[in-house]
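Enquirer: Dumping the structure here so I can ask a few things about it.
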Amino acid sequence: MFNDFPESLLDNAELASVARRINAPTVVDFPGAHLGLKWRAITVEDVPLVCTLFSKCAGEQLTGEKLSVKELNGLANLSRFATLSGWDQEENLQAFAFVAVNEDAYTELQADIFAVVYPQWRGRGIGRSMLEWQDGTARLLIGQDGRDLPVAIRSHVNATNLDRRRLLAAGGFSPSHYKTLVVHKVVPEDIAKGQAAQARLAERGLVLAPFSSKYSEALRRLHNRLTMVKERSQPMSLQNWLKYVEQISTDNSYLLFNGNDIIAYVITVDTGEPEVHFVRNYGVERGMRRQGIGSDLILSLLVDASEQGKEVLQVPVVTEGVPQKTFLSRFDFLEDQSQILYTIDL
């Protein structure tokens, strides 16, 4: 399930040409036993242990992201996805890494990598060995895909995680985009602030409506247009979009209409933390930005957050450079973790 690679549809000559260009290996070995761990791919039964490892090892602080069992199982359904896990002599999970190739390549083939190691096992060369496995595996999987597109091997890391950043830099990665998680502590007065934001949107003639599968395809097209530019991502296919929609907290996600057209959206997900209202994605049509629509859309979530007894509202803000402030700073959103996208571009 987790390391079952499909054959490419391209002929051997095409595959060989791409593989040479990206210096793809034919085989990638697991790290050595001298590191003190036994290595293997994970199984379905291991997924809860991986999520626990992620949480206990400050996975959110490492990446600025939150990982759920549902999301990890969703990754496992990708056709080009590989995992690595390290187990001690007592069969305790101590290290985990994955490589996931974006199936929806349109302008760029992208392989995302992630790794985490329990603190007591750090400083032994495990992280470096796992990164070497990830680099080789990413090239192998992309080489098996075979499409002659630009290639990026990508890793998200928290800006304060200097050890990981140094490791990535030594491995040939360079910083590309920055994502800052901003946090607002929910207070009783926020219901009025959220209602005022909703009123401002209505005064513009815009209609805020709960997410509905009826508009799923229109939202997919808008999301793809915006994230290709804003986040250096690739457009989601219909199949992968439907998998993504399964993760949405539909009761707390909204679409903003101008007549019959969706011109903005905000998607929240359930992270398993009952006190957190977490925004996964949001966006405003490029021609309607810098009018306060985006900030009012986010502020409108304060109504739900307050009524549902949430303690904090968390929102990721993406920029190409180091952000000096965000568009939500003046609304009492404080910067928390800052995540950097590091890439090797081939």
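The values are calculated or read from the model by the stated rules, or taken from the named source; none is laboratory data. Keep in mind the model is a prediction, meaning the values are calculated, not measured. Note that we place each Cβ from the backbone using ideal geometry, even for glycine, and neighbour counts take in every protein chain shown. Calculation scope for accessible area: heavy atoms of the full protein, side chains included, ligands and nucleic acids excluded. Shrake-Rupley method; radii C 1.70, N 1.55, O 1.52, S 1.80 Å.
Enquirer: Check GLY123 against each of (1) small (Gly, Ala, Ser); (2) crowded, with 19+ Cβ neighbours inside 10 Å; (3) at pLDDT below 90 and name the one condition it does not meet.
Expert: Evaluating GLY123 over (1) small (Gly, Ala, Ser); (2) crowded, with 19+ Cβ neighbours inside 10 Å; (3) at pLDDT below 90 leaves (2) as the failure.
Enquirer: Look through GLY283, GLY259, GLY309 and report the one residue that is in contact with a strand residue (DSSP E or B) (Cβ under 8 Å, 6 or more places away or on another chain) and of a type in the set (Gly, Ala, Ser).
Expert: GLY283
Enquirer: What residue, among those in the stretch 107-121 that are in a loop (DSSP other than H, G, I, E, B) and touching a helix residue (DSSP H, G or I) at 6+ places or on another chain (Cβ under 8 Å), is farthest from ARG165 (Cα to Cα)?
Expert: Among residues in the stretch 107-121 that are in a loop (DSSP other than H, G, I, E, B) and touching a helix residue (DSSP H, G or I) at 6+ places or on another chain (Cβ under 8 Å), the one farthest from ARG165 (Cα to Cα) is THR107.
Enquirer: When the residues of the stretch 146-204 are narrowed to those that are under 18 Å from GLU307 (Cα atoms) and charged (D, E, K, R), which ends up most open to solvent (accessible area, probe 1.4 Å)?
Expert: It comes out as LYS185.
Enquirer: What residue, of PHE81, PHE30, is modelled with pLDDT under 85 and either touching a helix residue (DSSP H, G or I) at 6+ places or on another chain (Cβ under 7 Å) or open to solvent by less than 40 Å² (accessible area, probe 1.4 Å) (or both)? Write out each step before concluding.
Expert: Numbers: PHE30 fails: modelled with pLDDT under 85.
Only one candidate passes the filter, namely PHE81.
Enquirer: Further question: Please state which of the following conditions ASP251 fails to meet, knowing it meets all the rest: (1) over 18 Å from GLN198 (Cα atoms); (2) assigned to a helix (DSSP H, G or I).
Expert: Evaluating ASP251 over (1) over 18 Å from GLN198 (Cα atoms); (2) assigned to a helix (DSSP H, G or I) leaves (1) as the failure.
Enquirer: Next question, about the same structure. Does GLY272 satisfy the criteria of being surrounded by fewer than 18 Cβ atoms within 10 Å (Cβ to Cβ), out of contact with any strand residue (DSSP E or B) (no Cβ under 6 Å at 6 or more places or on another chain), free of Cβ contacts under 8 Å to residues at least 24 places away in the same chain and not hydroxyl-bearing (Ser, Thr, Tyr)?
Expert: Details: surrounded by fewer than 18 Cβ atoms within 10 Å (Cβ to Cβ): yes; out of contact with any strand residue (DSSP E or B) (no Cβ under 6 Å at 6 or more places or on another chain): yes; free of Cβ contacts under 8 Å to residues at least 24 places away in the same chain: no; not hydroxyl-bearing (Ser, Thr, Tyr): yes.
No, not satisfied.
Enquirer: OK, next. Which of the following residues is under 28 Å from ARG80 (Cβ atoms) and out of contact with any helix residue (DSSP H, G or I) (no Cβ under 6 Å at 6 or more places or on another chain): LEU301, LEU297, LEU242?
Expert: Matching residue, one of LEU301, LEU297, LEU242: LEU242.
Enquirer: Something else now. Quick check, is ILE113 closer than 25 Å to LEU37 by Cα and β-branched (Val, Ile, Thr)? Explain how you work it out, then say what you get.
Expert: Details: closer than 25 Å to LEU37 by Cα: yes; β-branched (Val, Ile, Thr): yes.
Yes; evaluated as a whole, the condition is true for this residue.
Enquirer: Taking the stated definitions as given, is ASN260 open to solvent by 60 Å² or more (accessible area, probe 1.4 Å) and either β-branched (Val, Ile, Thr) or over 22 Å from HIS277 (Cβ atoms) (or both)? Break it down stepwise before answering.
Expert: Details: open to solvent by 60 Å² or more (accessible area, probe 1.4 Å): yes; either β-branched (Val, Ile, Thr) or over 22 Å from HIS277 (Cβ atoms) (or both): yes.
When the stated conditions are applied, ASN260 passes them.
Enquirer: Also: Restricting attention to the stretch 255-291, which residues are β-branched (Val, Ile, Thr), closer than 17 Å to ARG225 by Cβ and in contact with an Asp or Glu (Cβ under 8 Å, 6 or more places away or on another chain)?
Expert: Of everything in the stretch 255-291, just one residue is β-branched (Val, Ile, Thr), closer than 17 Å to ARG225 by Cβ and in contact with an Asp or Glu (Cβ under 8 Å, 6 or more places away or on another chain), namely ILE263.
Enquirer: Which residues, counting only those in the stretch 205-236, are out of contact with any strand residue (DSSP E or B) (no Cβ under 8 Å at 6 or more places or on another chain), farther than 19 Å from VAL269 by Cβ and open to solvent by 40 Å² or more (accessible area, probe 1.4 Å)?
Expert: LYS214, GLU217, ARG221, ARG225, MET228, VAL229
Enquirer: Kindly state which helices (runs of 4 or more DSSP H) lie completely within the stretch 155-244 and contain at least 3 residues that are farther than 30 Å from MET130 by Cα.
Expert: In the stretch 155-244, 190-203, 216-230 are the helices (runs of 4 or more DSSP H) which contain 3 or more residues that are farther than 30 Å from MET130 by Cα.
Enquirer: If only one of LEU256, LEU242, LEU313, LEU299 is of a type outside the set (Phe, Trp, Tyr), under 21 Å from the mean Cα position of the chain (by Cα) and modelled with pLDDT of 90 or more, which one is it?
Expert: Exactly one of LEU256, LEU242, LEU313, LEU299 is of a type outside the set (Phe, Trp, Tyr), under 21 Å from the mean Cα position of the chain (by Cα) and modelled with pLDDT of 90 or more, namely LEU313.
Enquirer: Of the numbered conditions (1) open to solvent by 40 Å² or more (accessible area, probe 1.4 Å); (2) part of a helix (DSSP H, G or I), LEU141 satisfies every one except a single condition; which is it?
Expert: It is condition (1) that LEU141 fails.
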